[in-house]
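Below is one structure, written out as C-alpha coordinates, with a few remarks after it.
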Amino acid sequence: MHGTFDISSKGLPDLSPALTKEINIFLHREMVKKVPFFNSCSATVVQAVVHRLVPEVYLKGDFIIHKGDPGQAMYFISRGQCSVLVPSPSNPRHMRQVKLLQREDYFGELALLDST
(Lines give C-alpha, C1' and ligand atoms only; values in the text may rest on other atoms or scores of the structure.)
Protein backbone atom coordinates (compact mmCIF):
# COMPACT_ATOMS: atom_id res chain seq x y z
CA MET A 1 0.00 0.00 0.00
CA HIS A 2 1.30 3.39 -0.87
CA GLY A 3 0.76 6.34 1.44
CA THR A 4 -2.32 5.03 3.14
CA PHE A 5 -3.74 6.16 6.46
CA ASP A 6 -3.04 3.27 8.77
CA ILE A 7 -5.03 3.40 11.97
CA SER A 8 -3.04 0.55 13.46
CA SER A 9 -0.13 2.94 13.89
CA LYS A 10 -0.09 5.34 16.81
CA GLY A 11 -2.54 7.67 15.04
CA LEU A 12 -5.55 6.78 17.22
CA PRO A 13 -4.15 5.14 20.37
CA ASP A 14 -7.45 5.16 22.31
CA LEU A 15 -9.14 2.65 20.03
CA SER A 16 -9.46 -0.94 21.16
CA PRO A 17 -7.62 -3.54 19.05
CA ALA A 18 -10.99 -5.00 17.96
CA LEU A 19 -12.28 -1.61 16.80
CA THR A 20 -9.00 -0.89 15.00
CA LYS A 21 -9.36 -4.19 13.09
CA GLU A 22 -12.96 -3.44 12.15
CA ILE A 23 -12.07 0.02 10.85
CA ASN A 24 -9.19 -1.41 8.78
CA ILE A 25 -11.54 -4.00 7.30
CA PHE A 26 -14.06 -1.29 6.44
CA LEU A 27 -11.38 0.94 4.86
CA HIS A 28 -9.66 -1.73 2.76
CA ARG A 29 -11.98 -4.66 2.00
CA GLU A 30 -13.45 -3.20 -1.20
CA MET A 31 -9.95 -2.55 -2.56
CA VAL A 32 -9.03 -6.20 -1.92
CA LYS A 33 -12.30 -7.52 -3.35
CA LYS A 34 -11.65 -5.71 -6.67
CA VAL A 35 -8.86 -8.19 -7.36
CA PRO A 36 -10.35 -11.05 -9.42
CA PHE A 37 -8.31 -13.51 -7.36
CA PHE A 38 -10.16 -12.39 -4.18
CA ASN A 39 -13.60 -11.27 -5.39
CA SER A 40 -15.15 -14.71 -5.00
CA CYS A 41 -13.48 -15.40 -1.65
CA SER A 42 -15.38 -15.50 1.59
CA ALA A 43 -15.50 -12.48 3.89
CA THR A 44 -13.19 -14.39 6.23
CA VAL A 45 -10.50 -14.70 3.55
CA VAL A 46 -10.82 -11.02 2.56
CA GLN A 47 -10.54 -10.03 6.23
CA ALA A 48 -7.42 -12.18 6.59
CA VAL A 49 -5.85 -10.39 3.60
CA VAL A 50 -6.76 -6.97 5.01
CA HIS A 51 -5.18 -7.90 8.35
CA ARG A 52 -1.93 -8.70 6.57
CA LEU A 53 -1.68 -5.41 4.67
CA VAL A 54 1.43 -3.45 5.59
CA PRO A 55 1.61 0.23 4.64
CA GLU A 56 4.63 1.25 2.60
CA VAL A 57 5.42 4.73 1.32
CA TYR A 58 7.49 5.34 -1.80
CA LEU A 59 8.75 8.64 -3.13
CA LYS A 60 8.73 9.80 -6.73
CA GLY A 61 11.61 8.06 -8.51
CA ASP A 62 11.73 5.08 -6.14
CA PHE A 63 11.77 1.65 -7.72
CA ILE A 64 9.50 -0.85 -5.99
CA ILE A 65 10.52 -3.93 -7.95
CA HIS A 66 12.75 -4.67 -10.94
CA LYS A 67 12.07 -7.11 -13.76
CA GLY A 68 13.48 -10.51 -12.85
CA ASP A 69 13.32 -9.95 -9.09
CA PRO A 70 11.53 -12.76 -7.28
CA GLY A 71 8.05 -11.68 -6.24
CA GLN A 72 7.89 -11.09 -2.51
CA ALA A 73 4.55 -9.32 -2.10
CA MET A 74 1.41 -8.03 -3.71
CA TYR A 75 1.03 -4.25 -3.77
CA PHE A 76 -2.11 -2.11 -3.69
CA ILE A 77 -1.98 1.55 -4.68
CA SER A 78 -4.09 3.41 -2.14
CA ARG A 79 -2.83 6.89 -2.98
CA GLY A 80 -0.76 8.43 -5.75
CA GLN A 81 0.49 6.80 -8.92
CA CYS A 82 3.02 4.16 -9.91
CA SER A 83 4.63 3.88 -13.34
CA VAL A 84 5.51 0.58 -14.97
CA LEU A 85 8.75 1.20 -16.85
CA VAL A 86 10.64 -0.87 -19.41
CA PRO A 87 13.90 -0.16 -21.23
CA SER A 88 13.46 1.66 -24.53
CA PRO A 89 14.21 -0.62 -27.51
CA SER A 90 16.36 2.06 -29.12
CA ASN A 91 18.28 2.93 -25.94
CA PRO A 92 18.21 0.36 -23.11
CA ARG A 93 19.49 2.98 -20.64
CA HIS A 94 16.36 5.07 -21.22
CA MET A 95 13.17 3.88 -19.52
CA ARG A 96 9.74 4.34 -21.06
CA GLN A 97 6.39 4.12 -19.32
CA VAL A 98 4.12 1.31 -20.51
CA LYS A 99 1.43 1.65 -17.86
CA LEU A 100 0.37 4.05 -15.14
CA LEU A 101 -1.13 2.47 -12.03
CA GLN A 102 -3.40 4.62 -9.88
CA ARG A 103 -5.55 4.43 -6.76
CA GLU A 104 -7.00 0.94 -6.20
CA ASP A 105 -4.77 -0.64 -8.87
CA TYR A 106 -2.55 -3.50 -7.80
CA PHE A 107 0.42 -5.53 -8.98
CA GLY A 108 2.55 -8.45 -7.83
CA GLU A 109 -0.36 -10.84 -7.37
CA LEU A 110 1.66 -13.71 -8.82
CA ALA A 111 3.88 -13.53 -5.73
CA LEU A 112 0.94 -15.01 -3.81
CA LEU A 113 1.13 -18.15 -5.92
CA ASP A 114 4.91 -18.58 -5.76
CA SER A 115 5.93 -20.88 -2.93
CA THR A 116 9.67 -20.17 -3.16
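About the centre of its Cα atoms, the chain shows a dipole size close to 320 debye [charges on the beta carbon of Lys, Arg (+1) and Asp, Glu (-1) only; nearest 20 debye]. One quarter of the convex hull surface built on the alpha carbon atoms of the stretch 65-105 amounts to 3.4 nm², the projected area averaged over directions. Shown is the FRET efficiency for residue 69 and residue 45, computed with R0 = 25 Å from the Cβ-Cβ distance and rounded to the nearest 0.05: 0.40. Which percent of the accessible heavy-atom area of the chain goes to carbon and sulfur, probe 1.4 angstrom? Here it works out to 55 percent. In order along the stretch 96-105, the phi-based Karplus estimate (6.51 cos²θ - 1.76 cosθ + 1.60, θ = phi - 60°) of 3J(HN,Hα) comes to 10, 7, 10, 7, 10, 8, 10, 3, 6, 7 Hz; Gly and Pro are listed as x. The residues neighbouring residue 40, those whose beta-carbon lies less than 15 Å from its own, together hold a net charge of +1 under the Lys/Arg +1, Asp/Glu -1 convention. Under a 5 Å amide H cut-off, with hydrogens placed 1.01 Å from N, residue 95 pairs with 88 among residues at least 5 apart or on other chains.
Helical content of the chain, expressed as a calculated mean residue ellipticity at 222 nm, amounts to -7500 deg cm²/dmol (DSSP H runs of 4 or more residues, -39,500 (n - 2.57) each, divided by residue number, nearest 500). Take residue 26: with every protein chain present and a 1.4 Å probe, its accessible area is about 140 Å². Amide hydrogen proximity for residue 101: with H placed 1.01 Å from N in the peptide plane, the residues at 5 or more positions away or on another chain lying under 5 Å are 82, 83, 84. Please state, as a whole number in µm²/s, the translational diffusion coefficient that the Stokes-Einstein equation yields for the chain at 10 °C and 1.306 mPa s, with Rh defined as the Kirkwood radius across alpha carbon pairs. It diffuses with D of about 100 µm²/s by this estimate.
The values are calculated or read from the model by the stated rules, or taken from the named source; none is laboratory data. Just so it is clear, the model here is predicted, and its values are computed rather than measured. Using ideal geometry, Cβ is built from the backbone for each residue, glycine included, and neighbour counts are taken over all protein chains shown. For accessibility, only protein heavy atoms count, side chains too; no ligands or nucleic acids. Shrake-Rupley method; radii C 1.70, N 1.55, O 1.52, S 1.80 Å.
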